[in-house]
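In what follows, a single structure is set out as structure tokens and then discussed.
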Amino acid sequence: MLVDSHCHLDFETFDEDREAALTRARQAGVGAMVTICTRVSRFPEILGLANADPAVWCSVGIHPHQVAEEEPVETGTLVRLAADPKVVGIGETGLDYFYDLSPREDQKASFRRHIAAARETALPLIVHARDADDDMIEILEEEAGQGAFPCVLHCFSSGRALAEAALALGFYISLSGIVTFRNAEELRGIARDVPLERLLVETDSPYLAPVPMRGKRNEPSFVVHTARKVAEIKGLDEDALARATTENFFRLFSRAVPPPGARVGPGAA
Ligand SMILES: [Zn+2]
Ligand SMILES: [Zn+2]
């Protein structure tokens, strides 16, 4: 069994075939998915998707791109919304200085409010980081110093220094289809060195479809291609990689419950 730890099933591009995409995921062996919130104003729809399918979980938060257009969310609101048993993480949140769609100071302030919510709920913080390595390291280290919280750097495409800082803080690193791209040699080098027990896989669908699906709309079933590439990078067979990343997922996203009969946990074959 594989887990797609990060997808966006609420996006319009799934309106025509959302059910079929979920069926294809199941057929591909994807036994759990987290549909990630990017706008708190859309949280009811996202929670609805999670409630409609036992294999789907969700998060609550505001993407750094949407900070400028969404009502700022208070930590208390995130904590209250995260009380629902289908909410397994806080985010996505973080810093994106590549697109700079929201003022950087506003991104940072929103990020810190999400961190406070992760600390208070003990649900993992789902971090989006792009072209912001120095500020990201500074904020994560400073905030962790004020009280621990679980965390994953999703769709990792940053530099080695950020990966090492995150690992030193006990955080996880999630790899997307980017790791299959021809020009991603540096990322594959980092992936090789991340301890297996700290790795997750994801699609970030509908974006970033992995090779050999590149250019198509991405969907959760395509996580198998990313997992295959990561297994190759780590020198493991695909089953071992699937087992490890799935165990890691349920350890980090501790509110998510493995489906009945899933091969998860010590001694799983
Ligand atoms: Zn993201
Ligand atoms: Zn995302």
Stretch E186-N51 to full length: gain in nm at 0.36 nm per residue minus the Cα-Cα span?
-> 44.7 nm
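Kirkwood Rh over alpha-carbon pairs of the chain, then Stokes-Einstein at 4 °C and 1.567 mPa s: what D in µm² s⁻¹, rounded to an integer?
Using the Kirkwood radius from Cα pairs, D works out to 71 µm²/s.
With Cβ to Cβ distances under 13 Å as the rule, what net charge do the other residues near A25 carry (K, R +1; D, E -1)?
-3
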Mean residue ellipticity at 222 nm from the helices of the chain, using -39,500 (n - 2.57) per DSSP H segment of n ≥ 4 over the full residue count, to the nearest 500 deg cm²/dmol?
-> -11500 deg cm²/dmol
Under 5 Å, built H, 5+ apart or other chain: amide partners of S205 = H8
Round to the nearest 0.05 the FRET efficiency obtained for D237 and E142 when R0 = 35 Å and r is the Cβ-Cβ distance.
-> 0.30
Label points 7 Å out from Cα along the Cβ direction at A109 and A122: separation in nm?
-> 3.2
Stokes-Einstein at 10 °C, 1.306 mPa s, Kirkwood radius from Cα pairs: D for the range 50-91 in µm² s⁻¹?
-> 141
Taking 7 Å along the Cα-to-C-beta vector as the label spot, tell me the R80-S254 distance in nanometres, rounded to one decimal.
-> 2.6
Mind checking the range 80-125 for chymotrypsin sites (Phe, Trp or Tyr not before Pro) that DSSP puts in a loop (not H, G, I, E or B) and that have at most 16 other Cβ atoms within 10 Å?
-> Y97, F98, Y99
In a solvent-free Debye calculation with one equal scatterer on each Cα, what is log10 I(q)/I(0) for the range 84-221 at q = 0.09, 0.14 Å⁻¹, listed in the order of the q values?
-> -0.26, -0.65
Per DSSP, loop trypsin sites (Lys or Arg not before Pro) in the range 212-262 with at most 12 further Cβ within 10 Å | K216
Once both label points are put 7 Å beyond Cα along the C-beta direction, the E12-Y97 separation in nm becomes 3.2
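No lab work stands behind these numbers, since they all come straight from the coordinates. Everything numeric here is computed off the predicted structure, so don't read it as measured data. Heads up, the Cβs are rebuilt from the backbone with ideal geometry, glycines too, and the neighbour counts pull from every protein chain shown.
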